[in-house]
Amino acid sequence: MNNVDVKDIHIRVEQILVNKLNINIELYKRDYDKEALTGRVFNLTPRDLIYLFLELEQEFDCRINTMDILNYEFNTIQGITDVIKKQK
């Protein structure tokens, strides 16, 4: 999958959150792209993040770098979008 644009990645990340983790779609209308997924808005658990991680690697056919997780880049929708874009 080459030349994937940021908007496409962003939409697909949101679709996974909605379809696989049952996140309320109304949250996206409020532009919470930089809110922590483990914070009060999304309230994801560590287990949810692991599931999200695996779903994203499968969806985008990529390997997410451990340092991106350790540096907290994997904790917002915008951060995840940026991490995946770096892989493409």
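The values are calculated or read from the model by the stated rules, or taken from the named source; none is laboratory data. Remember, it's a predicted structure, so these values are computed and weren't measured experimentally. Heads up, the Cβs are rebuilt from the backbone with ideal geometry, glycines too, and the neighbour counts pull from every protein chain shown.
General observations
- Complete set of residues in region 42-74 that are without any contact (Cβ under 8 Å) to a residue 40 or more places away in the chain, over 12 Å from LEU21 (Cα atoms) and surrounded by 14 or more Cβ atoms within 10 Å (Cβ to Cβ): GLU57, CYS62, ILE64, ASN65, ASP68, ILE69, GLU73, PHE74
- Selection status of LYS34, part of a helix (DSSP H, G or I) and surrounded by fewer than 14 Cβ atoms within 10 Å (Cβ to Cβ): no
- Assessment of region 6-29 against the conditions (assigned to a loop (DSSP other than H, G, I, E, B) and free of Cβ contacts under 8 Å to residues at least 12 places away in the same chain) yields at least one matching residue.
- Annotation: GLU57 fulfils all but one of (1) modelled with pLDDT of 95 or more; (2) more than 12 Å from the chain's Cα centre (by Cα); the unmet one is (2).
- Qualifying positions in region 5-46 - under 23 Å from LYS88 (Cα atoms) and out of contact with any helix residue (DSSP H, G or I) (no Cβ under 8 Å at 6 or more places or on another chain): ASP5, LYS7, ASP8, ILE11, GLN15
- Of the residues screened, TYR72 is one that is part of a loop (DSSP other than H, G, I, E, B), more than 11 Å from the chain's Cα centre (by Cα), at pLDDT below 95 and hydroxyl-bearing (Ser, Thr, Tyr).
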